[in-house]
Structures are given as structure tokens and as C-alpha cells.
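Heads up: the structure comes next, in C-alpha cells.
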């Protein structure tokens, strides 16, 4: 990631993962769908 310290990026990433896990538990969303959403969120950060 250009212009972002690795630590900041990692914190963002772990936050997204936590949120997606919580969402998956709350909605009983399939793991594949949760993973797909997580990857989409990661790609959004990278832009």
C-alpha cells in the first residue's frame, strides 16, 4: 500500500476482519460470502 504505514493498514485490516466476523455471526452469513465481503472491503482500502 502506497503512502500508508504498514501498522495503520494492519489495524484497518483487522478491524474489517472483526466486523465481517461479527456480521457473519449476527446474520448467519455463509463463510464464503463473509470472506468475499472482506476481500471487497480490503480492495476498497487499497484504492
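Against the main long axis of the alpha-carbon atoms of the chain, helix 6-27 sits at an angle near 10°. Here r is the Cβ-Cβ distance between residue 39 and residue 7 and R0 is 25 Å; the resulting FRET efficiency, rounded to 0.05, is 0.70.
Placing a pseudo-label 7 Å from each Cα along the Cα-to-Cβ vector at residue 46 and residue 14 gives an inter-label distance of 2.1 nm.
Bear in mind these aren't lab numbers, they're just calculated from the coordinates by the rules spelled out. Here the structure is a predicted model, which means the values were calculated and not measured. Neighbour counts are summed over all protein chains in view; Cβ atoms, including those assigned to glycine, are modelled from backbone coordinates with ideal geometry.
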